[in-house]
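Participant: Have a look at the structure that comes next, please.
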Ligand code: SF4
Ligand code: SF4
């Protein structure tokens, strides 16, 4: 059994061993600069929190197979054959001590892609049956929904009909609509689970008279967190097929970092095709509305000091860091940057699927300390974040470090600045259990 798990993990490594991965494995100069860039190391400086140390575990295995000297004299080049204990240690490290935030890569003089190596370890562990069960369950539930949407579509439509009434009350207009899978709409909006990611965007779409329709699927993709491309691809395929069938011009992804990165950046590579529609984050679309003057906004509706947490997947992976600021400057009176921010922002500590893994709560809170300190230094009363996982983590950090802030989505701030006649917007969830599935 143990041998089989190891053999399966090694098969995954061999399968994924392309040029970018081989380069990441081979080029490290051992300078140690990456240590200070990682929020785990900043919060608790120890060897196992150094990104290069983590990557070294994969390098050892690689050398035992691919380095001529490593195959015959392993101790000369620090090569090590993979065994079950080592696989379990590597899995634990990749799933609970790396949020795949890419800050180390950004600051590495050689550009070493440590998170790529962590993703590969996650994939090896998943194939060998060593991944956290919750992540597998969430990924498989999403895949099941895609296989037979009729199982949940009726209930979903009922919920949306109720939500439409709330929308009409919220915007004071009985003609406001939430259509679902309407063929020919310009925009297909892919939300997350929960009204809080549907109602505020719906109010904004209504205000600008957007030609939009709602996807029946959620944007979250837990296959990505498992490092399991086959599962991730299947989850993304549901949305891509839906968009093709509806013949939409754009797929707009909810305020969620990994959902945006996986759909916009990973899926064209997974499927090896150029899609007949554009895909982007709703943050980009909101910023466009603001720049085009299509929204009437009153920043005095948000008078309290507000800071913004850049989701790693939006800022570093997707380059979306100017757009949230365009929005915030239009909707808030007192916007304050945290330091560092944008491309250099620290991870909140909840990425990589960590918010869904209660067994690592203590570790997650410790890793979030640099973020909590950043927030505290701003003196802000509100923290905006355009990612569901980040908001869940920030909510937990708020309680744990007694920051006394409110955590909110950008859409909620926009809706507030729209000064609607009646406002019934759910705030972002603060529970540790993710609302996304
Ligand atoms: S900063 Fe880059 S080159 Fe230096 S130790 Fe870290 S991964 Fe290696
Ligand atoms: S990707 Fe982020 S969490 Fe992972 S090792 Fe690099 S800096 Fe640390």
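No lab work stands behind these numbers, since they all come straight from the coordinates. Here the structure is a predicted model, which means the values were calculated and not measured. Cβ sites come from the backbone with ideal geometry, for glycine too, and all protein chains shown count toward neighbours.
Participant: Which FRET efficiency, nearest 0.05, do residue 88 and residue 402 yield, Cβ-Cβ r, R0 35 Å? Could the numbers behind the result be given before it?
Facilitator: Values: r = 36 Å, r/R0 = 1.02.
With R0 = 35 Å, the Cβ-Cβ based efficiency is 0.45.
Participant: In whole Å, what is the distance between the alpha-carbon centres of segment 117-183 and segment 294-313?
Facilitator: Between the Cα centre of segment 117-183 and that of segment 294-313, the gap is 27 Å.
Participant: How much length, in nm to one decimal, is gained on full extension between residue 337 and residue 296, taken as 0.36 nm per residue of separation minus their Cα-Cα distance?
Facilitator: Working: separation 41, 0.36 × 41 = 14.76 nm, distance 2.42 nm.
The residue 337-residue 296 span can extend by a further 12.3 nm.
Participant: Taking the Cα-to-Cβ direction at residue 211 and at residue 277 and moving 7 Å from each Cα, how far apart do the two end points lie in nm?
Facilitator: Distance between label points: 1.3 nm.
Participant: Based on the mean of other Cβ atoms within 10 Å per residue, sort peptides 114-122, 2-10, 92-100, 395-403 so the most packed one is first.
Facilitator: On the way: 114-122: 24.9, 2-10: 16.1, 92-100: 23.1, 395-403: 18.3.
Most protected by this proxy first, the peptides run 114-122, 92-100, 395-403, 2-10.
Participant: Ok, one more. Quick check on segment 186-269: take the gyration tensor over C-alpha atoms, sort the square-rooted eigenvalues as a ≥ b ≥ c, and tell me if it's rounded (a/c under 1.5), prolate or oblate.
Facilitator: Details: a/c = 2.39, a/b = 1.60, b/c = 1.49.
Taking the square roots of the gyration eigenvalues as a ≥ b ≥ c, segment 186-269 is prolate.
Participant: A follow-up question, please. Please list the radius of gyration and Dmax for segment 296-417, considering alpha-carbon atoms only, with Å as the unit.
Facilitator: Answer for segment 296-417, Rg first and Dmax second: 13.7, 45 Å.
Participant: Would you mind ranking 311, 215, 175 by Cβ crowding within 10 Å, fewest neighbours first?
Facilitator: Ordered by Cβ neighbours within 10 Å, fewest first: 175, 215, 311.
Participant: What angle, in degrees between 0 and 90 and rounded to the nearest 10, separates the Cα long axis of helix 84-96 from the longest principal axis of the Cα atoms of the chain?
Facilitator: 30 degrees
Participant: So, R0 is 25 Å and r is the distance between the beta-carbons of residue 140 and residue 265; what FRET efficiency does that work out to, to 0.05? Spell out each step's value before the answer.
Facilitator: Working: r = 23 Å, r/R0 = 0.94.
Approximately 0.60, to the nearest 0.05.
Participant: Can you sort 192, 263 by how many other beta carbons sit within 10 Å, fewest first?
Facilitator: Numbers: 192 23, 263 26.
Least to most surrounded, the residues fall as 192, 263.
Participant: If you don't mind, another one. First check a/c for segment 140-290, with a ≥ b ≥ c the square roots of the eigenvalues of its C-alpha gyration tensor; if it is under 1.5, answer rounded, and if not, answer prolate when a/b is larger than b/c or oblate otherwise. Walk me through the numbers before you get to the answer.
Facilitator: Working: a/c = 1.85, a/b = 1.45, b/c = 1.28.
Cα axes put segment 140-290 in the prolate bin.
Participant: I would also like to ask the following. Against the 2.2 N^0.38 Å scaling, with N counting residues, where does segment 2-131 land? I'd like the Cα-based Rg ratio to two decimal places.
Facilitator: Numbers: Rg = 13.9 Å, N = 130, 2.2 N^0.38 = 14.0 Å.
Ratio of Rg to 2.2 N^0.38 Å for segment 2-131: 1.00.
Participant: Hey, got the Cα dimensions of segment 303-366 along the principal axes, in Å, largest first?
Facilitator: 40, 27, 19 Å, listed from the longest principal axis down.
Participant: What full-extension length gain, to one decimal in nm, is calculated for residue 344 and residue 249 as 0.36 nm per residue of separation minus the Cα-Cα distance?
Facilitator: Numbers: separation 95, 0.36 × 95 = 34.20 nm, distance 3.29 nm.
Gain on stretching residue 344 to residue 249: 30.9 nm.
Participant: Averaged over all directions, how much area does the convex hull of the C-alpha atoms of the chain cover when projected, in nm²?
Facilitator: 20.6 nm²
Participant: Same structure, new question: What order do you get for 226, 21, 394 when you list them from fewest to most C-beta neighbours inside 10 Å?
Facilitator: Details: 226 25, 21 18, 394 28.
Ranked by crowding around the Cβ, least crowded first: 21, 226, 394.
Participant: Helix 229-246 versus the longest principal axis of the chain: what is the Cα-based angle in degrees, 0 to 90, to the nearest 10?
Facilitator: Once rounded, the angle reads 30 degrees.
Participant: Assuming 0.36 nm per residue, please report the length gained on full extension of the stretch residue 182 to residue 325 beyond their Cα-Cα distance. Walk me through the intermediate numbers first.
Facilitator: Details: separation 143, 0.36 × 143 = 51.48 nm, distance 3.20 nm.
Here the segment from residue 182 to residue 325 would lengthen by 48.3 nm.
Participant: Let me ask another. I'd like the FRET efficiency for residue 373 and residue 29, computed as 1/(1 + (r/R0)^6) with the beta carbon distance as r and R0 of 30 Å, rounded to 0.05.
Facilitator: 0.50
Participant: Helix 199-208 versus the longest principal axis of the chain: what angle, 0 to 90°, nearest 10, using Cα atoms?
Facilitator: Approximately 60 degrees, to the nearest 10.
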